[in-house]
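Written below as structure tokens is the structure these notes are about.
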Number of protein chains: 2
Amino acid sequence: MLTAKGAATRGRIVDAAAAEIRERGIASVTLDDIGRRSGTGKSQLFHYFPDGKEQLLLAVAEREADRVIEDQEPQLGQLTSWEAWQEWRDVVVEKYRRQGVNCPLGVLITEIGRATPAAQAVTGKLLAQWQRRIRAGIEDMKAAGEIRADVDPDRAAAALIAAIQGGVSILMSSGSSKHLEYALDLCLDYLRVSSS
Amino acid sequence: MLTAKGAATRGRIVDAAAAEIRERGIASVTLDDIGRRSGTGKSQLFHYFPDGKEQLLLAVAEREADRVIEDQEPQLGQLTSWEAWQEWRDVVVEKYRRQGVNCPLGVLITEIGRATPAAQAVTGKLLAQWQRRIRAGIEDMKAAGEIRADVDPDRAAAALIAAIQGGVSILMSSGSSKHLEYALDLCLDYLRVSSS
């Protein structure tokens, strides 16, 4: 367990590493850069990340995964009306459109190794968290009678996650947000239609 | 332009390379292996692929992309009843479930370089072909009065492509076909519901 001060220092290192990687690309960032930006020395870096760069990159990936959820707040946590769903949809599209072909999390996952258990744990946790929040929104709308009783919130939330994932990966290779938008719109139309 | 005989030889080389890569992994396949399997010599290999390995890999990627469509036939080309749509859905799920984490096209695209224009041309063409076929199915069902007139075939087809893409990439990192299935089911439910 880290002390509060230790956790703050560790967090400062991770934030500095995330910022350096976002600004300059993963290949050109050194531990010296991260130390300078976070105001920590090499001994501290190795104290918090004794296994070295690999371990630090994983912590940065976890931080970037948290940020994917944060970027959708407060909308993602308040899916209690159709207006709120539409707003969230726009936030997601705007986030990924702005991001374009450069996905900070994707860069880290590729570096760590897409097929490694560590990378898969990070993406698996992110998708599960995201899906849980969407499911909660569907459940709220069902409780309010806005979505038909026979819609399965878990299945519908999983479908939405797949739609976003696919839309974003097409956006990253084509540069166009159309697939993402149409996929989100179809899912929301499905949920809305099912209320009539 | 290749003569008919030349095209056949080139095709044999590409098929041999595709088979070797599928069986043994891209890293361990040599031009000698491909020559042996296709019954061609090195001079022929360089005649048809003067730019070398890169050019051959691209041709193999195009072959694998064609196969993605072929694997869904005849169902994908005959989406003229709800039974046909359901059958196609099952073929897609079964194909990717069997394939699991090993995507022959994905391996090649990664090797060529996901962000290169050549790789993006291959995936872009595949997605466009696939989407056109799905759109044709939606148009047929609209013409038959099975799908509501206000459903936009192009948008709905794009949404389905995004849903499959996302479902497959989650399958490849999680090993589970659930996201793919739920996403396909939601899209088909949407198309069906809109007919009532």
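The values are calculated or read from the model by the stated rules, or taken from the named source; none is laboratory data. What you see is a predicted model; the values in this text were computed from it and never measured. Positions of Cβ are backbone-derived with ideal geometry, glycine not excepted, and every protein chain shown enters the neighbour counts. Just the protein is used for accessible areas: all its heavy atoms, side chains included, with ligands, DNA and RNA removed. Shrake-Rupley method; radii C 1.70, N 1.55, O 1.52, S 1.80 Å.
Does the stretch A:22-41 contain any residue that is open to solvent by 40 Å² or more (accessible area, probe 1.4 Å), in the same structural domain as A:ARG148 (by TED's automatic domain parsing) and over 20 Å from A:GLU181 (Cα atoms)?
The answer is no, given that none of the residues of the stretch A:22-41 is open to solvent by 40 Å² or more (accessible area, probe 1.4 Å), in the same structural domain as A:ARG148 (by TED's automatic domain parsing) and over 20 Å from A:GLU181 (Cα atoms).
Return the pairs, sorted by first residue and then second, in which the second residue is in a helix (DSSP H, G or I) and not aromatic (Phe, Trp, Tyr), the first residue lies in the stretch A:3-26 and is on the phi > 0 side of the Ramachandran plot, the beta carbons are less than 9 Å apart, and the residues are 6+ apart or on different chains.
A:GLY25/A:VAL107
Is it true that some residue in the stretch A:132-146 is in a loop (DSSP other than H, G, I, E, B), of a type outside the set (Gly, Ala, Ser) and either more than 9 Å from chain B (Cβ to nearest Cβ) or over 25 Å from A:ALA61 (Cβ atoms) (or both)?
Within the stretch A:132-146, one or more residues are in a loop (DSSP other than H, G, I, E, B), of a type outside the set (Gly, Ala, Ser) and either more than 9 Å from chain B (Cβ to nearest Cβ) or over 25 Å from A:ALA61 (Cβ atoms) (or both).
Could you give me the residue pairs with C-beta distances under 8 Å whose first residue belongs to the stretch B:140-152 and is closer than 14 Å to B:LEU188 by Cα, whose second residue is in a loop (DSSP other than H, G, I, E, B) and of a type in the set (A, V, I, L, M) wherever it lies, and which are 6+ apart or on separate chains?
Partner pairs satisfying both residue conditions: B:MET141/B:LEU79; B:MET141/B:ILE147; B:LYS142/B:ALA149; B:LYS142/B:VAL151.
Please specify each residue of the stretch A:82-112 satisfying the condition of being without any contact (Cβ under 8 Å) to a residue 40 or more places away in the chain and either assigned to a loop (DSSP other than H, G, I, E, B) or among the acidic types (Asp, Glu) (or both).
Within the stretch A:82-112, A:GLU83, A:GLU87, A:ASP90, A:GLU94, A:ASN102 qualify.
Can you tell me which residues in the stretch A:113-125 are out of contact with any Asp or Glu (no Cβ under 7 Å at 6 or more places or on another chain), part of a helix (DSSP H, G or I), within 11 Å of chain B (Cβ to nearest Cβ) and open to solvent by less than 50 Å² (accessible area, probe 1.4 Å)?
A:ALA119, A:THR123, A:GLY124
Check off (1) among the small types (Gly, Ala, Ser); (2) in a helix (DSSP H, G or I); (3) within 11 Å of another protein chain (Cβ to nearest Cβ); (4) more than 17 Å from the chain's Cα centre (by Cα) for A:SER176 and give me the number that stays unchecked.
(2)
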